[in-house]
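Take a look at the structure below.
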Amino acid sequence: MEIMTRDFGRLEIAESDIIIFKSGLPGFENLEEFVLLPLGEESPFIVMQSVDNPDIAFVTVEPGNLIQNYEFEISDKTEKELEIKKVSDVLILNIITLKNEIKKSTANLSAPIVINIEDKLGKQVILDDSRYQVRYKIFAPVEEVAE
Amino acid sequence: MLVLTRKLNEKIVIDERIEITVVGIENGKVQLGIEAPQEIEIMRKELLEDVKEENKKAVKNKKLLEELNNIKFKL
């Protein structure tokens, strides 16, 4: 099927690539279908695009790029909802909020997106964990190039 | 909205399966103990609101995408 995307124009996607978020995402409770579109071959960023609304897309990244030892417990409820059978089927993504001054961009470590990549089911879970912030600064200051 | 007054260590029960106990009252703070079945999600409301707001901000990123490739992560 063909969908309109925010960042890549019209795209042909396979229906089997659509990830279902049964209760949407906080703030976007009515959007249940998303596809993952890598930003580029070399890029760690993945755009999570709404199938229903071309304007809604999130820039995401796997937490391993951002922080060491990111860990949380997936609740029994989430495990059931997402029909998770094995850990290797789980993909974790964190949403990035880009700022005009790009260095000030942040990642939401408090609300990771948990995806069962095998069964294409997803959910944004909210961790009440003081270690992980909603706005975690992700970028190192760019080093000045010596002349 | 139902408003109840409870003293320290007193409880309320919701739907015969969620029990909330006042476990501490100190300096304008109330500490609550909540016992509920696992399928009940419990979180501080301001955290949920914060995540909603952040999600709404995060979708306004379009024009900044190209710049991303020029930046190094902290790690």
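Every number here is computed from the coordinates shown, using simple stated rules; none is lab data. In this text, all values refer to a predicted model and were calculated from it rather than measured experimentally. Please note: Cβ atoms are built from the backbone with ideal geometry, for glycine as well, and neighbour counts cover all protein chains shown.
Scanning chain B for GluC sites (Glu not before Pro) in DSSP loops with at most 14 other Cβ atoms within 10 Å, what's the longest stretch left with none?
Value returned for the longest uninterrupted segment is B:42-75.
Taking chain B as the reference, fit the longest principal axis to its C-alpha atoms, fit the long axis of helix B:45-58 to the helix C-alpha atoms, and give the angle between the two in degrees, 0 to 90, nearest 10.
10 degrees
Sort A:8-19, A:53-64 by packing, meaning the average of other beta carbons within 10 Å per residue, with the highest value first.
A:53-64, A:8-19
Please work out the FRET efficiency for the pair B:Gln38 and A:Lys137, using the Cβ-Cβ distance as r and a Förster radius of 35 Å; give the result to the nearest 0.05.
The calculated FRET efficiency here is 0.55.
What FRET efficiency, computed as 1/(1 + (r/R0)^6) with R0 = 30 Å and r the Cβ-Cβ distance, is obtained for B:Arg17 and B:Lys56, rounded to the nearest 0.05?
Taking R0 as 30 Å, the efficiency between B:Arg17 and B:Lys56 is 0.35.
For the range B:20-57, which trypsin sites (Lys or Arg not before Pro) pass both filters: DSSP loop (anything but H, G, I, E, B) and at most 11 other C-beta atoms within 10 Å?
B:Arg44
Quick one: order A:Met48, B:Met43 by neighbouring beta-carbon count within 10 Å, fewest to most.
B:Met43, A:Met48
For the pair B:Leu48/B:Asn9, report the inter-label distance in nm, with labels modelled 7 Å from Cα in the Cβ direction.
Going by the 7 Å Cα→Cβ label model, 3.2 nm.
Set the Förster radius R0 to 30 Å, insert the Cβ-Cβ distance between A:Leu31 and A:Lys104 as r into 1/(1 + (r/R0)^6), and round the FRET efficiency to 0.05.
The calculated FRET efficiency here is 0.65.
About the Cα centre of the protein assembly as shown, what is the dipole size in debye to 20, counting +1 per Lys and Arg Cβ and -1 per Asp and Glu Cβ, all else neutral?
Dipole of the protein assembly as shown, to the nearest 20 debye: 860 debye.
Step through the table entries A:Lys123/B:Lys11; A:Lys99/B:Lys45; A:Lys80/A:Lys104; B:Lys7/B:Lys45, compare each Cα-Cα distance with 28 Å, and write down the pairs that go over it.
In this structure, A:Lys123/B:Lys11; A:Lys80/A:Lys104 lie more than 28 Å apart at Cα.
Across the residues of B:45-53, average count of Cβ atoms on other protein chains within 10 Å?
5
Counting other beta carbons within 10 Å of each residue's own, what order do B:Phe73, A:Phe21 fall into, fewest first?
Listing B:Phe73, A:Phe21 from fewest to most nearby Cβ atoms yields B:Phe73, A:Phe21.
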